[in-house]
1. I want to check the label-to-label distance for B:LYS189 and A:LYS189. Put each point 7 Å from Cα in the C-beta direction and report it in nm to one decimal.
2. With +1 assigned to the C-beta of every Lys and Arg and -1 to the C-beta of every Asp and Glu, and no other charges, what is the dipole magnitude of segment A:133-233 about the Cα centre in debye, to the nearest 20?
3. With unit charges on the beta carbon (Lys/Arg positive, Asp/Glu negative), name the residue among A:LEU151, B:GLY185, A:PRO235 whose Cα is farthest towards the positive pole of the charge dipole of the protein assembly as shown.
4. State, to one decimal in nm, how far the label point of A:SER130 lies from the label point of B:THR58, with both points 7 Å from Cα in the Cβ direction.
5. Using the 2.2 N^0.38 Å rule of thumb for compact globular proteins, work out how the protein assembly as shown stacks up: its C-alpha Rg over that value, please.
6. Using the Cα gyration tensor of segment A:82-167, with a ≥ b ≥ c the square roots of its eigenvalues, what is the shape: rounded (a/c below 1.5), prolate (a/b larger than b/c) or oblate (neither)?
7. Note down the magnitude of the dipole of chain A about its Cα centre, charges +1 on Lys and Arg C-beta and -1 on Asp and Glu C-beta and zero elsewhere, to the nearest 20 debye.
8. Determine the percent antiparallel among the DSSP beta bridges restricted to segment B:19-239, to the nearest 5.
Number of protein chains: 2
Amino acid sequence: MTNGATQQCPCSSLNLPKKFGIVLFPTFQSLDVFGPLDAFQFLSTHVEGIEIYLLSNTLDPVSTRFSDTKFPGSPPSTVGFSVVPTHTYDNAPEDIDVLFVPGGLGTRAIGEQEQNILVPIRDLIKKRFSKIKYLLTVCTGSALAAQAGVLDGYKATSNKSLWHWVITQGPNVNWVPVARWTVDGENDKIWTSSGVQAGMDMSLAWIAHVYSEDVATKIANSEEYMRNIDPTFDPFAKIHGLGQREI
Amino acid sequence: MTNGATQQCPCSSLNLPKKFGIVLFPTFQSLDVFGPLDAFQFLSTHVEGIEIYLLSNTLDPVSTRFSDTKFPGSPPSTVGFSVVPTHTYDNAPEDIDVLFVPGGLGTRAIGEQEQNILVPIRDLIKKRFSKIKYLLTVCTGSALAAQAGVLDGYKATSNKSLWHWVITQGPNVNWVPVARWTVDGENDKIWTSSGVQAGMDMSLAWIAHVYSEDVATKIANSEEYMRNIDPTFDPFAKIHGLGQREI
């Protein structure tokens with residue numbers, strides 16, 4: 001938690017991104033969302049005018065329960081919790097600056113679930129990509145962005161335990177297997193991270209890049225968060241059996 | 001996210017804690033809850049029968065919005081999101097094994113908000129403490145446990161930027177200023193962590209202690225989480241100006 005003091009970001013500018021759209025879907029990975037969201041909520045105490053929208057197909061609460069996504073090998077656990085969206089994909093504000101796509105088992109939905117859950121997300125990414133300032137993906141969120149075609153020709157990374165599945169989702173993406181996160185695209189528009197916690201390191205690096213290192217450090221200190229500030233330091237690539245580069 | 005493979009914990013036993021009660025209140029700190037909860041959700045794919053209850057005063061969605069808690073110096077940010085409780089404090093299952101108390105600005109509520117938000121939590125902790133196997137607190141969650149009197153005579157730690165406020169909430173607690181987390185009480189019943197991310201390190205250490213190191217490692221690898229496994233390594237004590245011990 002913060003100590004309550006509000007300090008204005010010295011980098012204050014009308015052109016800074018202020019409006020965040022966070023994509024939610026059944027069986028999203030909890031920490032993929034709430035790690036970065038914790039940092040974005042702290043960011044709102046340093047930068048005036050930050051708004052965060054939680055987007056989903058409907059306004060019904062969205063559950064993290066693994067068993068809600070059925071595909072061969074999905075775990076039997078019935079544990080999960082639900083978060084309340086603020087907007088649907090269709091009625092989300094038009095001027096979103098930052099589109100944030102998490103991963104989770106839901107990204108592997110098949111059949112009818114794929115039609116209902118994933119197709120609307122791919123459509124959202126396609127529709128919004130040219131208008132947003134930044135696309136941030138965590139974990140298998142990059143598989144959804146790849147399926148939408150917006151990563152073609154650009155560097156991207158993803159969850160390392162599901163790497164071999166992820167890279168088939170975007171054969172024209174420059175997949176980087178050993179990376180905590182990657183940055184690419186015009187004006188560094190595309191940020192993709194490796195699995196789960198890597199999204200927190202990426203989000204703080206993105207905050208440092210866009211707002212200021214000072215603000216990122218203040219947020220990390222408030223969160224007592226031990227940052228990995230090196231995007232190439234990725235011990236989990238080796239743990240999950242990946243080499244230097246696989247395209 | 002997991003690769004979908006479910007592996008039974010080799011430490012499987014009828015006496016292992018299975019039922020988790022997570023305390024939610026307005027202006028809880030997002031990552032205090034969802035860092036550990038991500039690990040507990042993965043735990044449910046390794047240990048059969050895990051159940052997680054989200055507890056609050058009512059079944060209304062609970063918001064993280066800073067501005068919902070008003071006290072001198074509270075930040076003006078209107079950013080926040082809402083989570084759906086599964087039970088109230090009053091109708092929560094009687095056989096909860098693990099009571100988990102996060103921190104957040106809500107722990108500093110005053111006046112009528114204190115009466116409505118904090119008194120029921122203190123009552124819950126007092127009422128449940130003798131029945132549970134483990135009490136886990138993150139960040140200023142330990143202030144609530146201290147107010148409830150259950151930490152008296154035991155080691156505890158808390159958020160480092162609010163340390164001087166926290167320690168006044170429990171004059172008979174053995175507060176440890178330089179600690180990522182502490183363990184104390186009969187059968188290592190009481191686990192308290194420093195601020196925000198420290199709760200994730202503590203939760204994985206607790207999983208290693210209670211279930212097995214193998215399960216904790218598997219969860220950390222699934223989360224691509226870089227653990228701090230040393231409870232005495234706490235760089236944020238120095239950053240926030242604390243010395244070796246302050247009681």
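No value in this document is a laboratory result; all are computed from the given coordinates. The structure displayed is predicted, hence computed values, not measured ones. Positions of Cβ are backbone-derived with ideal geometry, glycine not excepted, and every protein chain shown enters the neighbour counts.
1. 5.8 nm
2. Values: 7 positive and 10 negative charges, 46 e Å.
That gives a dipole near 220 debye.
3. Looking along the dipole axis, the top candidate is A:PRO235.
4. For A:SER130 paired with B:THR58, the spin-label model returns 4.7 nm.
5. Compactness ratio reported: 0.91.
6. Working: a/c = 1.69, a/b = 1.20, b/c = 1.41.
Oblate is the answer for segment A:82-167, as a/c is 1.5 or above yet b/c matches or exceeds a/b.
7. Details: 19 positive and 25 negative charges, 93 e Å.
Here the size comes out at about 440 debye.
8. Counting only bridges with both partners in segment B:19-239, antiparallel ones make up about 25 percent.
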